[in-house]
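Comments concern the structure below.
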Amino acid sequence: MVMKSSVEEDEAGWGLGIPEKMKNNANWVDITQDFRGACKELNLGELLHDKLFGLFEAMSAIEMMDPKMDAGMIGNQVNRKVLNFQQAVKDGVIRVRDLSLPELIGIMDTCFCCLITWLEGHSLAQTVFTCLYVHNPDLIEDPAMKAFALGILKICDIAREKVNKAAVFEEEDFQAMTYGFKMANNVTDLRVTGMLKDVEDDLQRRVKSTRSRQGEQRDPVVEMEHQQCLALFSRIRFTRLLLTALIAFTKKETSSVSEAQKLMTQTADLLPAIHSTLHHGVQAQNDTSKGDHPIMMGFEPLVNQRLLPPTFPRYAKIIRREEMVCYFSKLIDRIKTVCEVINTTHLHGILDFFCEFSEQSPCVLSRSLLQTTFLMDSKKVLGSHLMHDMIKDALRGFVSPPVLSPKCCLYNNHQAKDYIDSFITHCSRPFCSLIQIHGHNRARQRDKLGHILEEFATLQDEAEKVDAALHSLLLKLEPQRQHLACLGTWVLYHSLRIMIHYLLSGFELELYSMHEYYYIYWYLSEFLYAWLMSTLSRADSSQMAEERITEELQRRGSSKKTKKKKKTRPLSREITMSQAYQNMCAGMYKTMIALDMDGKVRKPQFELDSEQVRYEHRFAPFNSVVTPPPVHYIQFKEMSDLKKYTPPPQSADLYLAASKHFQQAKLILENVPSPDPEVNRILKVAKPNIVVMKLLAGGHKKETKVLPQFDFSAHKYFPVVKII
Amino acid sequence: MAAMNEENGTAVYNAVEASGPSLARQKLENLLNKSMRIRMTDGRTLVGLFLCTDRDCNVILGSAQEFLKSTDSFSQGEPRVLGLAMIPGHHVVSIEVESDSLLSPRVI
């Protein structure tokens with residue numbers, strides 16, 4: 001019965017909802033019963049379909065009435081009228097003038113929450129543009145609301161432009177679509193900040209006039225007004241400062257970055273005032289009885305529901321106001337950190353800066369700001385340095401190649417110059433890409449690092465050729481000097497770093513199963529870190545050779561015997577750290593082997609794959625690299641075979657060996673001058689592991705069948721082993 | 001019109017019963033790639049090409065467009081493009097096809 005009545009109702013209203021073409025030949029015939037009857041004749045599981053349409057196509061259909069897939073569903077389930085801005089104003093649901101202070105505060109706070117939700121990857125249509133006021137600020141008569149709406153739009157617009165330009169986002173990070181909304185493009189940035197400033201000054205006057213005077217009896221109404229004015233003032237000022245800071249980032253000069261940093265500090269100072277006045281704003285009216293969103297004056301969560309593409313995150317959960325302040329304070333901290341990049345001018349320092357920044361998993365806006373600050377346009381780095389010069393400096397600092405030393409005859413040799421210049425030009429792109437990769441989110445980085453190895457392999461090849469050519473040139477001109485594997489060492493160093501980063505990030509992303517740990521740590525300790533250390537020491541000796549020559553030249557010039565200064569080698573810290581990492585990896589490798597011997601590693605039932613398939617998959621990106629050559633599974637099995645030792649070590653021997661490795665790592669790290677947080681983090685893993693390994697070597701809980709636990713909370717690459 | 005439809009419906013339904021499952025299948029196959037209008041339990045109507053169905057009357061429409069019920073403030077004649085959409089059988093309220101698609105040759 002219900003069915004029938006709904007059909008009749010349908011007949012009545014159809015003309016309105018259907019386009020012209022459909023209406024003309026709208027000789028629709030109801031076949032419901034017929035169709036259902038015919039369907040029943042089909043077999044269970046049988047699909048009736050065209051030849052060209054199969055199960056595969058059927059899979060990609062969106063499912064109607066599934067709240068996860070059907071964006072149109074929610075809009076149809078609420079029992080209220082969804083009005084757009086003009087309609088809402090006409091119907092008197094919202095006002096464009098005479099907004100009370102609590103209303104303004106509430107609307108602004110909700111807007112901030114929407115802004116953050118957008119920055120966290122939701123669409124503008126479901127966040128900022130659920131605020132009806134920003135749909136058309138021209139219609140707003142209230143000066144504070146108008147300036148604020150324009151300010152928010154400008155902030156969104158600049159943020160969007162920055163993120164788009166930096167291109168370090170993926171669909172899971174950011175939605176750049178504006179759905180045809182105007183982002184206050186008819187008003188200049190300056191005009192908007194000016195309007196905000198005017199409102200701010202007005203409010204400041206009101207704050208001052210309502211301030212309590214000494215000896216005066218305080219009128220609670222005035223006191224309330226004072227508080228609320230102050231709250232609104234903080235919000236308007238916050239908006240203005242944030243906008244001004246973002247505008248500063250769009251300027252080309254480096255000085256504007258430090259200006260932005262100052263502005264961010266001022267912005268942060270306002271946060272306590274905003275936090276303490278959250279309660280002054282009107283709160284959302286909750287009628288969530290039907291799974292509806294909380295409704296806030298001036299907001300209509302469903303206003304844009306029809307604009308959303310069919311397959312879409314159907315429901316954006318807007319963050320709460322308390323979290324908003326906290327998020328802003330973290331965002332401001334991140335942006336302040338970004339500003340510090342201008343103090344680093346050395347390429348390796350910058351790479352480290354990007355790596356470190358990325359380790360905190362920063363938001364897409366701060367990542368993008370870092371990218372655009374670093375590479376304002378394609379040639380200039382940090383607005384002033386050329387990428388070319390930066391690479392030259394990095395080479396000088398790392399291996400001191402004779403060709404880049406003014407004391408060497410190659411320095412002014414045209415041919416040599418051509419070689420080195422074209423090499424450096426070719427370096428520019430891979431290094432820019434590498435820096436860009438570090439701007440992506442952590443999961444995407446890994447994938448991209450795997451791909452960039454190909455580019456570094458090509459670069460490696462060229463570096464070796466240029467080295468050989470320069471060496472033969474140098475032999476003719478200055479037979480006592482060498483130019484062997486200078487550029488090659490430098491490129492190799494970066495390739496190795498990428499490979500190590502690639503493998504280690506798998507731990508952070510929790511990609512590896514426990515039974516895979518042993519070959520990953522083996523590859524790192526026996527192979528990659530070993531290569532890294534030999535590369536570093538080759539670079540170090542190349543530096544020393546160059547220094548000796550320079551010293552000799554000086555001594556000859558001044559004939560005075562220069563005092564031999566004991567200088568710390570520039571690369572010594574990195575060599576030390578690599579040793580520590582290598583020991584940690586070796587310790588983990590031996591631990592895993594021994595645990596396996598004791599039957600404490602759960603192995604999967606390999607049915608469709610095998611360990612070899614997994615191994616090859618894990619190290620697949622390394623196949624594109626020539627130096628270091630990839631270690632194939634068969635080689636790995638041979639190299640790691642314990643039977644080649646007589647007598648073959650038992651699990652107790654291996655635990656003891658592992659303990660020694662952790663001990664060694666601890667020793668190395670404890671002697672690092674001025675330890676950074678990373679040193680302490682590794683120590684936090686090494687120390688307990690020494691003890692656990694010693695216990696295990698002594699036969700502690702040997703019989704227990706409970707699997708050990710690996711706790712990565714102290715360090716993301718090395719776990720604390722726990723035996724229960 | 002409604003009365004006529006129902007009469008039409010029952011007539012065909014009887015015919016299906018009379019001549020067994022193969023005719024039912026033929027009948028559905030004749031509808032493939034024809035325009036179809038499906039009303040759902042929440043009042044929305046989808047118009048698209050009929051591509052696939054099964055025993056539970058789950059229907060897949062291609063190039064589907066979504067129309068809201070006319071009482072809604074948003075149905076200013078603007079359909080929303082959905083593309084490939086599956087309507088679960090238990091959410092199907094009514095199915096309609098254009099009259100001429102029923103006239104297509106039937107296998108006897």
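May I ask for the net charge around A:LYS660, where only other residues with Cβ less than 12 Å from the Cβ of A:LYS660 are counted and Lys, Arg are +1 while Asp, Glu are -1? Please list the in-between numbers first.
On the way: positive: A:LYS590, A:LYS666, A:LYS694; negative: A:ASP653.
Surrounding charge for A:LYS660 is +2.
When chains B and A come together, the accessible area they lose, probed at 1.4 Å and totalled over both chains, is close to 6100 Å².
Based on the Cα gyration tensor of chain A, what are the three equivalent ellipsoid semi-axes, each the root of five times an eigenvalue, rounded to whole Å and given largest first?
Working: eigenvalues 626, 300, 158 Å².
Largest first, chain A gives 56, 39, 28 Å.
Using the 1.4 Å probe convention, the accessible area of chain A works out to 47 Å² per residue with neighbouring protein chains retained. With 24 Å as the limit on Cα-Cα distance, the pairs of A:LYS590/A:LYS716; A:LYS637/A:LYS705; A:LYS252/A:LYS417; A:LYS590/A:LYS644 that go past it are A:LYS637/A:LYS705; A:LYS252/A:LYS417.
Thinking of segment A:217-368 as a set of Cα atoms, what percent of all their pairs are more than 26 Å apart? Each step should come with its number before you reach the end.
Values: 5424 of 11476 pairs.
Taking all Cα-Cα pairs of segment A:217-368, the fraction more than 26 Å apart is 47 percent.
For the residues of B:83-91, the average number of beta carbons from a partner chain within 10 Å of their own beta carbon is 5.
Please compute the length gained on full extension between A:ASN27 and A:LYS684, using 0.36 nm multiplied by the number of residues separating them and subtracting their Cα-Cα distance.
Numbers: separation 657, 0.36 × 657 = 236.52 nm, distance 7.67 nm.
Taking 0.36 nm per residue and subtracting the Cα distance, the gain is 228.8 nm.
Pairs exceeding 28 Å between alpha-carbon atoms, taken from A:LYS81/A:LYS317; A:LYS262/A:LYS448; A:LYS68/A:LYS448; A:LYS208/A:LYS262: A:LYS262/A:LYS448; A:LYS68/A:LYS448. Phi-derived couplings, Karplus 6.51 cos²θ - 1.76 cosθ + 1.60 at θ = phi - 60°, listed residue by residue for segment A:257-264: 5, 5, 5, 4, 4, 4, 4, 5 Hz, with x used for Gly and Pro. By a 1.4 Å probe calculation restricted to protein chains, A:VAL257 has an accessible surface near 0 Å², given to the nearest 10. Here the accessible area is traced with a 1.4 Å probe on the protein chains. For segment A:590-724, carbon and sulfur cover 57 percent of it. Computing Rg and the Kirkwood Rh from the Cα coordinates of segment A:158-237 gives a ratio, Rg/Rh, of 1.24. Net charge near A:ARG444, counting Lys/Arg +1 and Asp/Glu -1 over other residues with Cβ under 10 Å of its Cβ? Surrounding charge for A:ARG444 is -1.
Rolled with a 1.4 Å probe across the full set of protein chains, the surface gives B:CYS57 an accessible area near 10 Å².
Can you give the FRET efficiency to the nearest 0.05 for A:SER258 and A:LYS417, using r as the Cβ-Cβ distance and R₀ = 51 Å? Don't jump to the answer; show the numbers that get you there.
Details: r = 36 Å, r/R0 = 0.71.
Plugging the Cβ-Cβ distance into 1/(1 + (r/R0)^6) gives 0.90.
Tell me what chain A gives for mean residue ellipticity at 222 nm when only DSSP H runs of n ≥ 4 count, each as -39,500 (n - 2.57), the sum divided by the residue total, rounded to 500 deg cm²/dmol.
Numbers: 25 runs with 422 residues, N = 724.
Computed ellipticity for chain A at 222 nm equals -19500 deg cm²/dmol.
Values of log10 I(q)/I(0) for segment A:402-485 across q = 0.22 Å⁻¹ run -0.95, by the Debye formula with one identical scatterer at each alpha carbon and no solvent. In a simple Cβ point-charge model (Lys, Arg +1; Asp, Glu -1; nothing else charged), chain A has a dipole of about 3340 debye relative to its Cα centre.
Take the Cα of A:GLU611, step 7 Å toward its Cβ, do the same at A:ARG211, and the gap between the two points is 7.6 nm.
What is the mean number of Cβ atoms from other protein chains located within 10 Å of the Cβ atom of each residue in peptide B:43-50, rounded to a whole number?
Going residue by residue through B:43-50 and averaging, the value is 4.
Between the helical axis of A:651-670 and the longest alpha-carbon principal axis of chain A there is an angle of about 80 degrees. Angle of helix A:442-477 to the longest C-alpha principal axis of chain A, folded into 0 to 90 degrees and rounded to 10: 40°.
The values are calculated or read from the model by the stated rules, or taken from the named source; none is laboratory data. Keep in mind that what you see is a predicted model, and the values were worked out from it rather than measured. Positions of Cβ are backbone-derived with ideal geometry, glycine not excepted, and every protein chain shown enters the neighbour counts. Remember, those area values only see protein heavy atoms, side chains included, never the ligands or the DNA or RNA. Shrake-Rupley method; radii C 1.70, N 1.55, O 1.52, S 1.80 Å.
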